[in-house]
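To start, the structure under review is shown below, and the notes come after it.
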Amino acid sequence: MIAIPFPNPIKTSGLRPGNRRFPRLPHNFPVSFMANPRFLYPLHGLGQMLRARIFKPSKYSLPTRVGIGCLKLVNLVCFAHLFVEYVGTISTMEGPSMLPTLGNEGEIVVVDRLSTRLDPYNIARGELLILLSPLNPKRYICKRVVGLPGDVVCVDPTGQQAPSTEHVRIPKGHIWIMGDNADASRDSRIYGPVPIGLVQGKLRTRLWPPSKFQMFGSNMTYID
Amino acid sequence: MQNKRWFPRAGALRTPLRILYWAPLGMVLTTHWYNVRVISGPSMQPTLNPEWSLSKDYAVFDKVAVLDKQDCHREDIITFKSPLDPKYKLIKRIVAEEGDTVKTLPPYPLKEVKIPKGYVWVEGDDPFNSDDSNMFGPVPRALIESKLVFLIWPPSRVGKLEEPKLPLSGTGPTFRRAMAAFERAHSRQSRVTPAAKIVIPESV
């Protein structure tokens, strides 16, 4: 048998608004997937898809579906909120208290909240932490852990806030934090050891600027 | 012949997946807004978990007021993470806020404490059985998690906790209990010297 190609008749079923402007193309050979009018005329295709979804035959009335759609939006917002609270987030940093490790502004870092949520004691000396400030409960601060519970810490080696011979034993459940920029940082030298319950997350990496990409970790070395 | 495929029957995963889909909304509504928790421990007796009660108290706590506006003041019952061990949550009453001066109870080493900015002084209603600020000092406000709104169990004490008022008259157990609550509140408040409020006159 010889395959006789049969041309597709151009279907203009009635004079409806869609058909006149975008007639079905008379291909009788295989055409590519992207030649579908849905892709050739993207706005029209989107409009068709939206209209099909809005007027889709469904057992729920339109106001009910609008309500469910709003609930789905709220659900998405809740998911985003829970993700940011429990897993982690990407955020900017500002302030001079962690120079030169973190710049004054314009940097983007990854904050990991999961590791401290799963085990609050999973903190090592020298790690960068995000905490809530003991002075202002709505403000997040970023400092480095210097001492863990039970350590004896020299309050201020520079001698600015306290004599350099003053030492403090960190009580149970507290840590000693300090900013890398000792001159411009309000930290444990002012408000003493902070409870571990204030720790919100750890700083893991710096993503922006790309030239200064860095993984943060403990930078403590032990001197014997 | 028995179906030997291990995979669950078609459509069996639909309900669990739907529950998983709506779980974020459920979690936020039940734990991040108002949540119901059980109160354990005797540190707030006789206000909460009194000795004569047959079961622990269940209560509704408000998280949003605390997080957004830090809307907790003296005489509020709050839950907060323990400063000594962040895995435990404590429930106590705020006795003093920043700027106030508190006369402390043993075993605190100092007789009087001026609360620094950003901290609160918490005490349990039962001073003997309570690990509170008299043990670990002022607590940063950032540790506060939620505020008690009302009790939902046991049925005899459902509702908001009463403000202790001087009972007008009477005899018998009701009067004695109301009077005891008033005296407790009075002795609590008498140990606190509120912060001096500086009022700036509007028209100078």
remark   = The helices (runs of 4 or more DSSP H) lying entirely within region A:1-118 that contain at least 3 residues which are surrounded by 13 or more Cβ atoms within 10 Å (Cβ to Cβ) and modelled with pLDDT of 85 or more are A:62-86, A:114-118
request  = Name the single residue, out of those in region B:49-68 being of a type in the set (Asp, Glu) and surrounded by fewer than 16 Cβ atoms within 10 Å (Cβ to Cβ), that is nearest to the other protein chains (Cβ to nearest Cβ).
outcome  = B:68
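Residues checked against (1) more than 22 Å from residue A:198 (Cα to Cα); (2) of a type outside the set (A, V, I, L, M); (3) out of contact with any strand residue (DSSP E or B) (no Cβ under 6 Å at 6 or more places or on another chain):
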{"position": "B:97", "(1), (2), (3)": "no, yes, no"}
{"position": "B:110", "(1), (2), (3)": "yes, no, yes"}
{"position": "B:115", "(1), (2), (3)": "no, no, no"}
{"position": "B:132", "(1), (2), (3)": "no, yes, no"}
{"position": "B:145", "(1), (2), (3)": "no, yes, no"}
{"position": "B:159", "(1), (2), (3)": "yes, yes, no"}
{"position": "B:167", "(1), (2), (3)": "yes, yes, yes"}
{"position": "B:174", "(1), (2), (3)": "yes, yes, yes"}
{"position": "B:177", "(1), (2), (3)": "yes, yes, yes"}
query = Given the conditions (1) within 13 Å of chain A (Cβ to nearest Cβ); (2) of a type in the set (Asp, Glu); (3) in contact with a Phe, Trp or Tyr (Cβ under 9 Å, 6 or more places away or on another chain), which single one is not true for residue B:71?
reply = (3)
ask   = If you go through region B:142-174, how many residues are of a type in the set (Val, Ile, Thr), more than 17 Å from the chain's Cα centre (by Cα) and assigned to a loop (DSSP other than H, G, I, E, B)?
value = 1
ask   = Quick one: would you say residue B:157 is away from chain A (no Cβ under 14 Å), within 22 Å of residue B:95 (Cα to Cα), at pLDDT below 95 and surrounded by 15 or more Cβ atoms within 10 Å (Cβ to Cβ)?
value = no
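Residues checked against (1) within 25 Å of residue B:117 (Cβ to Cβ); (2) surrounded by 12 or more Cβ atoms within 10 Å (Cβ to Cβ); (3) touching a Leu at 6+ places or on another chain (Cβ under 6 Å):
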{"residue": "A:163", "(1), (2), (3)": "yes, no, no"}
{"residue": "A:173", "(1), (2), (3)": "yes, yes, yes"}
{"residue": "A:185", "(1), (2), (3)": "yes, yes, no"}
{"residue": "A:194", "(1), (2), (3)": "yes, yes, no"}
{"residue": "A:197", "(1), (2), (3)": "yes, yes, yes"}
{"residue": "A:205", "(1), (2), (3)": "no, yes, no"}
{"residue": "A:208", "(1), (2), (3)": "no, yes, no"}
{"residue": "A:220", "(1), (2), (3)": "no, yes, no"}
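The values are calculated or read from the model by the stated rules, or taken from the named source; none is laboratory data. This structure is a prediction, so every number in the text was calculated from the model and none was measured. FYI the Cβ positions are ideal-geometry reconstructions off the backbone, even for glycines, and counts take in every protein chain you see.
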